[in-house]
Amino acid sequence: MAKPPARVLVLGVGAFAHSVLQILKEHGAEVGCYLTRDYGHHGPKSVGPTWFHRDHPSPLPILREFCPDLVIPMGVDWWDQPWAEEALAENWPLLSPTGEALTIEVSREHSAALCQEHSIPVPQSHLVQNRLEALALMREQPRPYVLKNPLCSPFSPIHTIVCETVEDTLGWLEHIDYAEGVFLQEYLGTTEAGHFVAVSGGEIVSLVTNQEYKRAYTGNLGPVAGAPLAGIVEQDSEDRYGLARQLIHPLKPWLEASGFQGILQVTAIQHERVWHAIEYNVRLGVTTGALLLRMLQNPLEVLGQLVRDESAAPAWHPERKLGVSLTLAGYGYPYIVPSVPKLPVQVSGEVSSDLWWNEVDSEAGQLYMTHHQNLDMGHRIADLNACGPTLESARDQVYEDIRKLRCLGSYYRLDLGETLWPPGT
């Protein structure tokens, strides 16, 4: 049996990088982080060595010197970087599909066509290039649509806008940026859930079912934020809600033909008692990744199996059946605001939950929420995670601990587990 990875390089920032680095370090790995964005450096720096992309425009020299057994990207935007082709040619052990296999996340139009080809239910969808095409579509097929970026990227000019009526859709179509076109996906309601599988060694192994609280405020109010404000993850090796069976397993011929290996998540909407695939992702996930790794007794071994294309053999912690994530959002989030001052972040008392830092900076031993003096989005301060034998035990822990954090104008959702759970409700 191959040894688990001894050295891990994460490409990312914030709570995602902080959590993955810390958990894998606790399991014996030597870890480092290539900081891919200009913010969210404090957490990763507290765990191990880091390299900032502005000082190191390419991670290739770092890869050659650090020689990782496992490379974990936070997102899929690595694929269009100037160094990507050379990195692939050097065959670094990347926890990500490549080539054709990557398109299931990167191209929404391609993934929708793929589902139709394999008889997987999907909402009706259309790709348009400009406002005139969008309005013509609305005249021909007037219905509410979810507006999305056609190519999945954190830097796209459009972030998901959920329109619940025809009038909502028409209103937004007059104001969005069409620089990359817009992907219109039929709105089918709010009964949503996700499921993660491991694809390797010719097998599809179910891992967890998850729920993301994507709207900013309690009661599922406010805009859909750039990243979820809370989440629930449940061990689900048996695929009890049928998401993998209905929406992933039919893709097995394509997964094999494209050489897909790694993590695959489907997000689905249940409409008229039928699950419809609305999106596929090929990464650990900002909300789910840390909880999944905490639930595994052997996270390093499983990730190593995926990059070596061996059958995944997860071993689960029996007392960590469910996990929850709760975000402390800072002043202004998720809106664009003209300025945010350097506000202190205070932690009073011992925090038992995992505490993963996002957009904070440290100065003379004091933590501050990242500030700006021009138009920019408000900031996410931290994510708190906890696992337990029941949803209630994990939820009680994070709510007890998040009250120990203070930053002026910050907030968090109060309805974790009271709405949107269990899947199908």
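Condition test on LEU151, is it within 25 Å of THR287 (Cα to Cα), out of contact with any strand residue (DSSP E or B) (no Cβ under 6 Å at 6 or more places or on another chain) and surrounded by 15 or more Cβ atoms within 10 Å (Cβ to Cβ)?
So LEU151 passes the test.
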Of all residues making up the stretch 53-71, the number that are surrounded by fewer than 16 Cβ atoms within 10 Å (Cβ to Cβ) and either within 23 Å of the chain's Cα centre (by Cα) or acidic (Asp, Glu) (or both) | 2
THR165 polar (S, T, N, Q), over 30 Å from LEU95 (Cα atoms), modelled with pLDDT of 95 or more and buried (at least 16 other Cβ atoms within 10 Å of the Cβ) = no
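Residue by residue, here is whether (1) outside the structural domain of SER46 (by TED's automatic domain parsing); (2) under 23 Å from the mean Cα position of the chain (by Cα); (3) acidic (Asp, Glu) holds:
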site: VAL307; (1), (2), (3): yes, yes, no
site: TYR335; (1), (2), (3): yes, yes, no
site: GLN346; (1), (2), (3): yes, no, no
site: VAL351; (1), (2), (3): yes, no, no
site: GLU363; (1), (2), (3): yes, no, yes
In the stretch 321-354, what residues are modelled with pLDDT of 95 or more, surrounded by 21 or more Cβ atoms within 10 Å (Cβ to Cβ) and of a type in the set (Val, Ile, Thr)?
-> VAL324, THR327, VAL345
Kindly indicate whether any position in the stretch 401-408 is touching a helix residue (DSSP H, G or I) at 6+ places or on another chain (Cβ under 8 Å) and assigned to a strand (DSSP E or B).
-> no
Checklist (1) aromatic (Phe, Trp, Tyr); (2) in contact with a Phe, Trp or Tyr (Cβ under 9 Å, 6 or more places away or on another chain); (3) under 18 Å from ALA216 (Cβ atoms) applied to TRP356, failing item = (3)
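Got a sec? Which helices (runs of 4 or more DSSP H) wholly within the stretch 94-179 have at least 3 residues that are over 26 Å from the mean Cα position of the chain (by Cα) and over 29 Å from ARG245 (Cα atoms)?
131-140, 166-173
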Tally time: how many residues in the stretch 180-197 are in a strand (DSSP E or B) and among the small types (Gly, Ala, Ser)?
-> 2
What number of residues in the stretch 205-221 are more than 20 Å from the chain's Cα centre (by Cα) and outside any loop (DSSP other than H, G, I, E, B)?
-> 1
Selection count, the stretch 43-76, where residues are among the small types (Gly, Ala, Ser) and within 27 Å of ALA101 (Cα to Cα) = 2
Could you say whether any residue in the stretch 282-289 is surrounded by 18 or more Cβ atoms within 10 Å (Cβ to Cβ), modelled with pLDDT of 95 or more and out of contact with any Asp or Glu (no Cβ under 9 Å at 6 or more places or on another chain)?
-> yes
Residues within the stretch 280-317 that are touching a residue at least 40 places away in the same chain (Cβ under 8 Å) and closer than 22 Å to GLN211 by Cα, tallied | 20
Note: among VAL47, VAL76, just one is among the β-branched types (Val, Ile, Thr) and at pLDDT below 95, namely VAL76
Which one is farthest from PRO68 (Cα to Cα), of the residues in the stretch 84-119 that are polar (S, T, N, Q) and in contact with a Phe, Trp or Tyr (Cβ under 8 Å, 6 or more places away or on another chain)?
-> SER111
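Being in contact with a Phe, Trp or Tyr (Cβ under 8 Å, 6 or more places away or on another chain) and either among the acidic types (Asp, Glu) or at pLDDT 95 or above (or both) is true for just one of GLN270, GLN261, GLN246. Which residue is that?
GLN246
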With respect to VAL360, determine if the residue is in contact with a helix residue (DSSP H, G or I) (Cβ under 6 Å, 6 or more places away or on another chain) and either over 25 Å from MET295 (Cβ atoms) or not aromatic (Phe, Trp, Tyr) (or both).
-> yes
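The values are calculated or read from the model by the stated rules, or taken from the named source; none is laboratory data. What you are looking at is a predicted structure, and each value in this text was computed from that prediction instead of being measured. Ideal geometry is used to build each Cβ from the backbone, glycine not excepted, and the neighbour counts take in all protein chains shown.
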